[in-house]
Amino acid sequence: MTAHPLFDIGGRTALVTGSSRGIGHALALGLAEAGCTVVLNGRDADRLSEAAARLPGDRIRTAVFDVTDGASVAAGIADVEERVGPLDILVNNAGMQLRAPLLEFTDAAWHRILDTNLTSAFLVGREAARRMTGRGHGKIVNICSLQSEVARPGIAPYAATKGALKMLTKGMCADWGPSGVQVNGLGPGYIETELTRPLMADEEFSAWVRRRTPAGRWGRTEDLVGGLLFLASPAADFVNGQILYVDGGMTSVL
Ligand code: NAP
């Protein structure tokens, strides 16, 4: 049996920010397996080369730049388009977590998490969309979170960034949809990565995640690939401004 042509993204060029490890790396692998040329991004050249070597095929490229720095982003996207080709797909995935009670959260930590999780998507999205809107097509997927909808003690700033990213997704859809660019969000639940390592190591918390999730388990990075491939494909050409939660059902139940 062959896949439906609506899901065919072979030959497209995709950039995944923050793809040296974790969710970004798994999404890059999924795009590569679907036949895309994939550009990996991160801040560390060595780590990025090692990450590229772990992916199959000869269509993997790297682009080292910090997604929080406007000048680096502008130069990075221009360089990718010149060196690799026009971007068809952008995945704004780079992100971080800083856990602390809100009363103890410092100004510096607040600005750092906002820059990394929210401003980055604006900067990279704007640079990519300048080109995509000119060409009349493109797919942008912002990696949101179940915390785009719900918060917990100790992660208010993270939830604020992910809630805002949900609304930035809708705003990008409003501005760029008329030019043929579809912007959507993918909202992972609790996924096993370095970012959640401290939570997995806490047996009580880990058991709570399993109990609280209808699917009865933590998510794996590969659980997110199907949703991304859908949002990046022609099957989603009339899907604009939506957040697809891939969370084992957690946002749907109390
Ligand atoms: P991770 O394992 O910590 O990986 C984060 C990635 O982002 C790394 O590749 C890192 O690369 C890159 N990065 C961080 N800051 C960057 C910057 N300023 N410029 C460029 N790259 C940067 O995190 P993850 O768990 O895979 O999370 C990925 C995304 O999914 C994040 O947006 C996160 O909020 C979201 N998410 C995760 C979960 C979860 O349960 N894990 C749930 C919901 C949403 P370098 O350090 O090499 O630069």
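Proximity of backbone amide H atoms, modeled 1.01 Å from N, is registered between Val39 and Ala14, Leu15, Val16, Arg61 at under 5 Å, excluding neighbours fewer than 5 places apart on the same chain.
Here the dipole of segment 76-155 is about 180 debye; that uses its Cα centre as origin and unit charges on the Cβ of Lys and Arg (positive) and Asp and Glu (negative). Radius of gyration over Kirkwood radius for segment 206-245, both on Cα atoms: the Rg/Rh ratio is 1.13.
For the chain, list the DSSP H helices whose alpha carbon atoms reach 15 Å or more along the long axis and whose average Kyte-Doolittle value is 0.5 or above?
22-33
Once all protein chains are placed together, Ser179 keeps about 40 Å² accessible to a 1.4 angstrom probe.
Between segment 27-102 and segment 6-26, the C-alpha centres lie 8 angstrom from each other.
If you take the square roots of the eigenvalues of the alpha-carbon gyration tensor of segment 45-87 and sort them as a ≥ b ≥ c, do you get rounded (a/c under 1.5), prolate (a/b over b/c) or oblate? It is oblate, given that a/c is not under 1.5 and a/b is not larger than b/c. Placing unit charges on the Cβ atoms of the charged side chains and taking the dipole of the chain about its Cα centre, the candidate lying farthest along the positive direction among Leu195, Val150, Thr62 is Val150. Values of log10 I(q)/I(0) for segment 14-148 across q = 0.12, 0.17, 0.19, 0.22 Å⁻¹ run -0.46, -0.88, -1.07, -1.38, by the Debye formula with one identical scatterer at each alpha carbon and no solvent. Counting only heavy atoms of the protein chains and using a 1.4 Å probe, His4 has close to 110 Å² of accessible surface.
Between segment 150-168 and segment 116-141, the alpha-carbon centres lie 21 Å apart. Of the two radii for segment 115-254, the radius of gyration is 1.00 times the Kirkwood radius, both from the alpha carbons; that is the Rg over Rh value. Within the accessible area of segment 56-198, the carbon and sulfur atoms contribute 54%, probe 1.4 Å, all protein chains present. Extent along the principal axes, Cα only, for the chain: 48, 47, 38 Å, with the longest axis given first. What the Cβ-Cβ distance of His4 and Trp208 gives, at R0 = 30 Å and to the nearest 0.05, is a FRET efficiency of 0.20. Only Cα pairs under 8 Å and 6+ residues apart enter the sum, and on that basis the relative contact order of the chain stands at 19 percent.
State the answer as a single residue: which of Leu31, Ala94, Thr169 lies farthest towards the positive end of the charge dipole of the chain, with beta carbon charges of +1 for Lys and Arg and -1 for Asp and Glu, about the Cα centre. Checked the options; the winner is Thr169.
The values are calculated or read from the model by the stated rules, or taken from the named source; none is laboratory data. Note that the structure is predicted; figures quoted are calculated from it, not measured. Note: ideal-geometry Cβ built from the backbone for every residue, glycine included; neighbour counts use all protein chains shown. For the accessible areas, the whole protein counts, side chains as well, though only heavy atoms, and no ligand, DNA or RNA atoms are used. Shrake-Rupley method; radii C 1.70, N 1.55, O 1.52, S 1.80 Å.
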